[in-house]
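Contents: one structure, followed by commentary.
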Amino acid sequence: MFDVEKIVKANCPDGYKIIDKKTSAHEMFFVVGRKVETVRASETEDTSVSVYVKNEDGTMGVSSFPVYASMDEGALKRELTKALSRAKLAHNPPFALVEGGKEEYEIKSDLKGLSGREVAEKVAKAVFDAKMVDGASINALEIFVTESKTRVRLSTGLDKTQTGYKIGIEAIPTHTDAKESVELYEWYELTSLNLADITREISDKMREVKDRHEAVKGEPQVVDVALRPNEISELADNLAYELSYGAKYMHRNAFEVGEDLQKGRTGDPFTVTMKAAVEGSSHSAAFDEDGTTLKDRVVIKDGKAVALWGGNVFGQYLGEKKEDITGNLECISVGSGSLDKVGGRYLEAVSLSGIQLDTYNDYIGGEIRLAYLHDGDKVTPVTGISMSGKLSEVLPSLRLTADKVVRGAYEGPSLMLLKNMQIV
């Protein structure tokens, strides 16, 4: 294989970026009856090139293209020529590429050095060890054990490499009777081989898919709604986006640094931190695809918007000092609250279509596919409902549990209680 960087460097005097991604994966696919359908080991390599052009009017253009294994030197040069021509048509404000030297990182994981096949087999056993309920089964199961390596090289001399490990589990719990079949789609990402947690999680989902099948139509009412980590993460991520460099630069932000999102607070203080790494999260990283070394940033503190965050280009456009630019952070941490547990009458949302947040129109809502209506000791599974409320009333009164869990890119309380939501 020819030296891609040598050719790119010789043809791109104004700057370039090369990103290499290599993935080694062991995959297992199961069908109903716990029968292994496919076992596959794969190795993939992807390379992309971005070229930068300084235009005569002082602006900067950029264009990117993939490098395929089938390319020879002539094909690469032709793609470079086309990319440089495209870049000259773009007239963006100028910015500097990230500087640095050669660095290597490894994201913490106990999967390092383990056999992918053996890990997949143990995960499969943990899934099928889950407690089943009558009429329920795992309709399909896919397990991915991967080691990934990302390398970013820039014309500035920066050369950073990062290695990470993760388990991906895609499961479809299903409950069937003589009339119909109901499914729940679940995706989990793990960086440690905690088999007991996998079994417990799948056991919960088997119970929940049965409950969804047997759930009754929810009634219109005003009631507190408890969100789980996936939806808490969505809510926090949506609010954090309003404080990103990109949203600010493009005038898409609904509020500014200094604004109090919990004005007149009666509930728990809401604190959101964008983070480079969360222990146990496969989204943890040391640098982003611009090569920027990632830095944690508290963006909402006790309900107040306190700082901006984001990537290199928009950070420079806003006048941020290069040492203060956080990089594109994927992990999000929400501060714990004061609730030991949620009590009284409330609706625990289990499966939603997603949180709908409209900061401009002061709206929060979502379609609820399955929820548990708690009323003292009585718990009733309900479905076919939607929730809605005013964001300006929900944020000041929200409550958070005191515990801390990790789910995907999220770290924070296991439940968030939204007060007085309208159910229809």
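Just so you know, all these numbers are worked out from the coordinates, no wet-lab data involved. Worth saying up front: this structure is predicted, and the values here are computed from it rather than measured. Quick reminder, even Gly has a Cβ in these numbers, built from the backbone with ideal geometry, and neighbours come from all protein chains shown.
Computed on the stretch 4-214, with alpha-carbon pairs under 8 angstrom and 6+ residues apart, the relative contact order is 22 percent.
For the residue pairs 166/248; 321/404; 149/295; 122/295; 9/102; 21/112, the C-alpha atoms sit more than 27 angstrom apart in 166/248; 321/404; 122/295. Under 5 Å between amide hydrogens, which residues at least 5 positions from residue 308 or on another chain qualify, with H placed 1.01 Å from N in the peptide plane? Excluding prolines and chain starts, which carry no amide H, there are no hits.
With both labels modelled 7 Å from their Cα along Cα-to-Cβ, the residue 361 to residue 6 distance reads 5.9 nm.
Computed extension length for residue 345-residue 260: 27.7 nm, one decimal, from 0.36 nm per residue of separation with the Cα-Cα distance subtracted. Modelled label positions at residue 132 and residue 70, each set 7 Å beyond Cα in the direction of Cβ, lie 4.6 nm from each other.
What do you get for the angle between helix 195-214 and the principal long axis of the chain? Use alpha-carbon atoms, 0 to 90 degrees, nearest ten. That works out to roughly 60 degrees. In straight-distance terms, cross-link reach from residue 378 covers every one of the lysines whose alpha-carbon lies under 26 Å from its own, apart from those fewer than eight places away in the same chain; here that gives 131, 205, 210, 217, 341, 419. In this simple spin-label approximation, residue 178 and residue 321 carry label points 7 Å from Cα along the Cα→Cβ vector, and these lie 7.5 nm apart.
Compared with the rule-of-thumb size 2.2 N^0.38 Å for a compact globular protein, the stretch 4-214 has a Cα radius of gyration ratio of 1.41. For Kirkwood radius over Cα pairs in Å, the value computed from the atomic coordinates appears in the list (1) 22.4; (2) 24.1; (3) 21.6 under label (2). The 3J(HN,Hα) values that the Karplus relation (6.51, -1.76, 1.60; θ = phi - 60°) gives for the stretch 34-49 are, in residue order, 6, 7, 6, 8, 9, 10, 9, 10, 9, 10, 10, 9, 10, 10, 10, 10 Hz. Gly and Pro appear as x. Shape class of the stretch 162-274 from the Cα gyration tensor (axes a ≥ b ≥ c, square roots of the eigenvalues): oblate, since a/c reaches 1.5 or more and a/b does not exceed b/c. Taking Cα centre as origin and charging only the Cβ of basic (Lys, Arg, +1) and acidic (Asp, Glu, -1) residues, the dipole magnitude of the stretch 75-117 rounds to 420 debye.
Checking every one of the trypsin sites (Lys or Arg not before Pro) in the stretch 164-208 against DSSP loop status and a limit of 16 other Cβ atoms within 10 Å picks out 179. In terms of the Cα gyration tensor, with a ≥ b ≥ c the square roots of its eigenvalues, is the stretch 216-423 rounded because a/c is under 1.5, prolate because a/b exceeds b/c, or oblate? Judged from the Cα gyration tensor, the stretch 216-423 comes out prolate (a/c at least 1.5, a/b above b/c). One Cα centroid belongs to the stretch 350-424, the other to the stretch 226-265; the line between them spans 16 Å. Given their separation in residues at 0.36 nm each and the Cα-Cα distance between them, residue 151 and residue 117 gain 9.7 nm when the chain is fully extended. Quick check: from the Cα gyration tensor, does the stretch 44-101 come out rounded (a/c under 1.5), prolate or oblate? Oblate, because a/c is 1.5 or more while a/b does not exceed b/c. The trypsin sites (Lys or Arg not before Pro) of the stretch 1-74 that DSSP puts in a loop, and whose beta carbon has at most 14 other beta carbons within 10 Å, are 34. Karplus-derived 3J(HN,Hα) values for the stretch 123-134, using 6.51 cos²θ - 1.76 cosθ + 1.60 with θ = phi - 60°, are 5, 4, 4, 4, 5, 7, 7, 4, 6, 8, 10, 4 Hz; glycine and proline are entered as x. With Cα atoms as the point set, the radius of gyration and Dmax of the stretch 221-337 evaluate to 14.8, 51 Å.
Centroid-to-centroid, using Cα positions, the stretch 281-297 and the stretch 86-165 are 13 Å apart. Averaging the sequence gap over all C-alpha pairs within less than 8 Å and six or more residues apart, then dividing by the number of residues, gives the chain a relative contact order of 15 percent.
Build a GNM of the chain with springs between Cα atoms under 10 Å apart, and of 235, 114, 339 the one that fluctuates most is 114.
Remark: 16, 363, 68, 241 ranked as 68, 363, 241, 16, counting other beta-carbon atoms within 10 Å and listing the fewest first.
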